[in-house]
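Bear in mind these aren't lab numbers, they're just calculated from the coordinates by the rules spelled out. Predicted model, so just to flag it, every value in this text is computed and none were measured. A quick note on method: Cβ atoms are made from the backbone with ideal geometry, for glycine too, and the neighbour counts reach across all protein chains shown.
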Amino acid sequence: MARIVVLGAGFAGLWAAIGAARKRDEIGAGSDIEIRLVDRNPYHNIRVRNYEADLSETALPLAQLLDPIGVTHGLGEVEAIDPVRRQISLVTSGGGEMLGYDRLVLALGSEVMRPDIPGLADHAFDVDTYAAALRLDDHFASLGRSTPSPGRSTIAVVGAGFTGIEVAAEMPERLARVGITGSRRIILVDPNPAVGATIGAHAQPVIETALASLDVETRLGVRVTSVEAAGIHLNSGEFIPAQTVIWCAGMRASRLAANFPGARDRLGRLLVDPFMRVADLPGVFAAGDIASSVVDGLHPTVMSCQFARPMGRFAGHNVVADLAGQPMLPLRIDWYVTVLDLGGWGALYTEGWDREVRAMGAAAKATKQTINCKRIYPPLSGSKDELFAAAAPTVQAPPPTYGAR
Ligand SMILES: Cc1cc2nc3c(=O)[nH]c(=O)nc-3n(C[C@H](O)[C@H](O)[C@H](O)COP(=O)(O)OP(=O)(O)OC[C@H]3O[C@@H](n4cnc5c(N)ncnc54)[C@H](O)[C@@H]3O)c2cc1C
């Protein structure tokens, strides 16, 4: 029996595993191909929702999604991958383990960059993973019970890109939920001279309006020099007293991408062809944030679930097709949108690679909620047919725009 191993159960890995099972079923190879998924967690995290106040539906048990379609799954920390021997070193509850494969789909995602700043590792929170989001949740609960002080009601969010803006905009609601209102302060810190510098000139004025209406302050053109339990020091000399520091400054591909020879981009991503094959590595496919693929002849994928999900579906289809000697399908995506949550103000919907504003406020928020709560969820019915239908190697239409300009 040939073995396909999928590493990672995020937006790329989950869909690669389901897509592979779908193709295996289509060609009647159920008894010839084992599909095995490995993740450090027993759940699929709807990672894009980790900044939200209600995390109750953001960790979906893998057994519910994979058992109905005959994908085996195990818990393990991937330590190293040897593409020459086709072996993966895992740390599991039983100790070390080596797992061999005939074909591999790498979907280990990305992580927030944590530079070597004094105090950062000990005192800063983030929303990169479900575990981190739960930790932040616990912190908010304890803030709600603690004695009032300026530091208690001040939140410093570091990084004014997509994630940091969404986090900052959500903070009035988060503080209100634990009974902190009135004198609260939310401060967004970034080394760039403008908020949303990486998002683009069309979006910036809208983001600024939204943040101003939510009373989010900014400290721009500055760097964090150290983090303490009581606040952060900036290179401007300012100390911001804040018992809550949330680090959202930059993403990088999984460090395990470095196990492979060959080209990587500035984010550490492996370059893959339109079939999701890693260049010069027979039998290795990669999808999601760990990979970069040119999707429309010109633009490389952006780290996002928007691209990770179709990359996963196509990688899953193609890895089985490759094993079975059948033609593979290229991934081509002709559209690109972003939908940025702006908390109580609403959201911002942009279209195209120049990120032209298409909708904002409550109209864009309706789209964001459709995406976060419906569009990116796998079917939860346990129906094999529904899971396979959702994993077909096709590209969805863009999300709906309500009230588009
Ligand atoms: C707060 C936040 C908001 C976001 N908002 C948006 C948004 O609005 N729109 C959008 O498109 N994107 C958004 N993103 C980005 C999006 O979440 C990622 O692009 C997406 O999750 C990438 O999918 P992936 O499958 O490649 O990686 P992931 O979803 O990160 O999955 C990787 C998986 O690999 C596992 N893993 C990693 N390393 C190991 C290891 N060594 N051993 C075992 N398992 C391992 C992890 O547990 C995880 O399950 C957001 C991200 C964050 C953090």
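Seen from a random direction on average, the alpha-carbon convex hull of the range 114-249 projects onto 7.7 square nanometres.
If you run the Gaussian network model on the chain, springs between alpha carbon atoms under 10 Å, then out of Ile35, Ile165, Ile27 the most flexible one is Ile27. Neighbours of Ser146, meaning other residues whose beta-carbon lies under 13 angstrom from its beta-carbon, give a summed charge of +1 when Lys and Arg score +1 and Asp and Glu score -1. Counted by Cβ distance under 12 Å from Pro282, the other residues give a net charge of 0, where Lys and Arg count +1 and Asp and Glu count -1. Each residue, Asp280 and Glu111, gets one label point 7 Å from its Cα in the Cβ direction; the gap between the two is 2.7 nm. For the chain, the relative contact order works out to 19 percent when only alpha carbon pairs closer than 8 Å and six or more residues apart are counted.
Placing pseudo-labels 7 Å out from each Cα toward the beta carbon at Ser381 and Asn192 gives an inter-label distance of 4.2 nm. Estimated purely from DSSP H runs of n ≥ 4, each contributing -39500 (n - 2.57), the mean residue ellipticity at 222 nm for the chain is -8000 deg cm²/dmol once divided by its residues. Centre-to-centre, using Cα atoms only, the range 215-253 and the range 371-405 are separated by 37 Å.
Couplings for the range 172-183, taken from phi via the Karplus curve 6.51 cos²θ - 1.76 cosθ + 1.60 with θ = phi - 60°, read x, 5, 4, 5, 4, 4, 9, x, 9, 10, x, 7 Hz in order; Gly and Pro are left as x.
Extension gain for Ala397 to Trp335 (0.36 nm times residue separation, less C-alpha to C-alpha distance): 21.5 nm.
Among Trp15, Trp247, sorting on how many other beta-carbon atoms sit within 10 Å of each Cβ, with the fewest leading, yields Trp247, Trp15. Of all the options Pro393, Pro205, Pro310, the one that moves most in a Gaussian network model of the chain with Cα springs shorter than 10 angstrom is Pro205. Summarising the label geometry, the points placed 7 Å from Cα in the beta-carbon direction at Arg135 and Met1 lie 3.8 nm from one another.
Cross-link reach is defined here as a Cα-Cα straight distance under 18 Å, omitting same-chain residues fewer than 8 places apart; for Lys384 the lysines meeting it are Lys23. Between the helical axis of 361-370 and the dominant principal axis of the chain, each derived from Cα atoms, what acute angle in degrees is found, rounded to the nearest 10? That helix lies at roughly 30 degrees to the long axis.
Label zone (Ser213, point 7 Å along Cα-to-C-beta; backbone nitrogen cut-off 14 Å) within the range 355-371: 359-366. Cross-link partners of Lys365 among lysines, defined as those whose alpha carbon lies under 28 angstrom from its own and excluding same-chain residues fewer than eight positions apart: Lys374. Dividing the convex hull volume of the alpha carbon atoms of the chain by its residue count gives 143 Å³ per residue. Listed from fewest to most Cβ neighbours within 10 Å, the set Met303, Met311 follows the order Met303, Met311. The string of couplings for the range 264-276 from the Karplus curve (6.51, -1.76, 1.60, θ = phi - 60°) is 9, 8, 5, 9, x, 7, 6, 7, 10, 7, x, 8, 6 Hz, one whole number per residue in order, with x for Gly and Pro.
Residues Arg36, Arg174, ranked from the fewest to the most other C-beta atoms within 10 Å, line up as Arg36, Arg174.
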